[in-house]
Amino acid sequence: MDIRHYTIALNVDFTEKSIKGYTIIDVIMAQPTKVLLFDLLEPLQVDSLFVNNKKTSFVYKNNLITINLRNDLPAGKASVKVFYGGKPHVAKNPPWDDGFIWTTDSTGHPWMAITAEGAGGKLYFPCKDHPSDEPNEGVDMIITVPKDLVVAGPGLLQSVTKNAKTATFHWKTNYTINNYSIIFNAGDYAVVSRAYTTVDGNKVPIQFYVLKEHASKAAHHLDIFEKTIREQEKYFGEYPWVKEKIGIVETPHLGMEHQTMNAYGNKFRYEKVGGEDYDGLMHHEFGHEWWGNKVTAKDWADYWIHEGICTFGDALYIREFEGEAAYNKYFKNAALHFENKLPIVIGKDIDEESAYNGDIYGKGAFFMHTLRYVLGDSLFFPALKKFVTSPKYTYDNLVNTDDIQLFFSQESGQNLKPLFDLYLRSVDKLQVHITTLSANKYLIQLQNISMPLPMDVTTNAGIKRQIINTKGIIVESKTFPIIDADMFYLKNVTTY
């Protein structure tokens, strides 16, 4: 079953904290079937269900809608329409815990948001909830709220229809989109916009759905945001969704990546990078427009591709505006906080909860830091941009760790599997042995990796990049050699 499109039409009741409406799921069946399965998280209730406009019986239990058909549903296009409603799960600790957030702003206006990265789209609409199948033809969202509220959603706003008590917002994206990005927010928003010209010369609007009470802060915030956009485009290529918008929306939770409408709840708290205001949270979430949204892992087991490479992108901002030394310091500090209890990639076909541990962020980023050093900047940076801008690995074409490993191996002309295995598929650190052969002579060897690696060796003569393998190299120095002083590797150094 290939998901092609979702249409989600819901009325939002802020008093009852409930939703009611329908979702249409357009699919293509690869072969005939008598059974259809869709995910929907309880405690929502399903009222009725139609397959190709024909009312059909179903069983809804254990968060799964099971449709047993009397006759085969033929291969080809099909449409399933599900009427449902109820009180969706409420987030207890968003964004780390998923669900709906019902609250008010300081002026008393209702304010709601949704976080769904862990729970997925099934949190509030029936879907095929697996990262391997995104709706290739996008999503229509038709959301009705009280008339004094504004709905922010993915893609482009098609229409706003106002009645005596309600307003209906129709949002549409034609791009493929991951399930947890199919969310909406509602509040007393002002829309602060400006035009942006991408690195490739295309014009796309930047839109900030900001609470009206904070509208005076929007202009400076967009100045900071625009600097983030330009820096990300330098390393990762043009903003991926130029036919739609660059969007952020103020939320009552800290933040989350949502395609073309990133959630922002950092309360305009800035730090200084290069002497100017910088919002690290916004930078990170926006980086997912490339790593997570444009490049998407087909299995939760490979979600380091989203979080690790996106976090590496955060370090590149520091490199860009504070220099190489500050970038190196970032990774030296980051390495102090890795748990290293589980491999970053622990298998295949695992669930989201099993895949998500803190090391997919920091250690995943450090792996890219190591890969950069191993390949050298003249190879690494063009290759990284080539990957994230290649049709083979983006939009409809989902990827896994093997794809990245093979790509960088081909680009570099060497087998990088041992390095990927060490960093991503094990909890081992690189083992380096230094054996004293005589007063001024030392043997330096790698112990647990079957490929030669470049490494900075500091002697009394200075720093020299050497190629070291398991056989080792002999260096002469009047001082004891220092290995990898700037910490491009996660390593243990033992001496004899």
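Out of 401, 436, one residue alone is open to solvent by 40 Å² or more (accessible area, probe 1.4 Å) and modelled with pLDDT of 95 or more. It is 436. The helices (runs of 4 or more DSSP H) found wholly in segment 313-418 and carrying at least 3 residues that are farther than 21 Å from residue 456 by Cβ occupy 352-355, 359-375, 377-389, 401-412. Evaluate the following for residue 428: is it without any contact (Cβ under 8 Å) to a residue 12 or more places away in the chain and open to solvent by 30 Å² or more (accessible area, probe 1.4 Å)? Answer is no for this residue. Here residue 199 meets the list (1) in contact with a helix residue (DSSP H, G or I) (Cβ under 8 Å, 6 or more places away or on another chain); (2) in a strand (DSSP E or B); (3) not aromatic (Phe, Trp, Tyr) almost entirely, failing just condition (2). Restricting segment 64-96 to residues that are of a type in the set (Val, Ile, Thr) and touching a Ser or Thr at 6+ places or on another chain (Cβ under 7 Å), the residue that is farthest from residue 253 (Cα to Cα) is 67. Of the residues making up segment 287-323, those that are closer than 29 Å to residue 215 by Cα and under 9 Å from the mean Cα position of the chain (by Cα) are 287, 288, 289, 290, 293, 310. Listed conditions (1) over 30 Å from residue 299 (Cβ atoms); (2) in a strand (DSSP E or B); (3) open to solvent by 10 Å² or more (accessible area, probe 1.4 Å) are all met by residue 140, apart from (1).
Does residue 441 fit the bill of being under 18 Å from residue 335 (Cβ atoms), open to solvent by 10 Å² or more (accessible area, probe 1.4 Å) and of a type in the set (Lys, Arg)? No; evaluated as a whole, the condition is false for this residue. From the list 326, 334, 315, the lone residue that is without any contact (Cβ under 8 Å) to a residue 12 or more places away in the chain, open to solvent by less than 30 Å² (accessible area, probe 1.4 Å) and more than 17 Å from residue 403 (Cβ to Cβ) is 326.
Restricting attention to segment 170-196, which residues are crowded, with 22+ Cβ neighbours inside 10 Å and either part of a strand (DSSP E or B) or among the hydroxyl-bearing types (Ser, Thr, Tyr) (or both)? Those that are crowded, with 22+ Cβ neighbours inside 10 Å and either part of a strand (DSSP E or B) or among the hydroxyl-bearing types (Ser, Thr, Tyr) (or both): 171, 173, 175, 176, 180, 181, 185, 186, 187, 189. Residue-level analysis places residue 6 among those that are of a type outside the set (Asp, Glu), open to solvent by less than 40 Å² (accessible area, probe 1.4 Å), in contact with a helix residue (DSSP H, G or I) (Cβ under 9 Å, 6 or more places away or on another chain) and closer than 20 Å to residue 168 by Cα.
The values are calculated or read from the model by the stated rules, or taken from the named source; none is laboratory data. Since the structure is predicted, the reported quantities are computational estimates derived from the model, not experimental observations. As a convention, Cβ positions derive from the backbone with ideal geometry for all residues, glycine included, and neighbour counts pool all protein chains shown. With ligands, DNA and RNA removed, areas are computed over all heavy atoms of the protein, side chains included. Shrake-Rupley method; radii C 1.70, N 1.55, O 1.52, S 1.80 Å.
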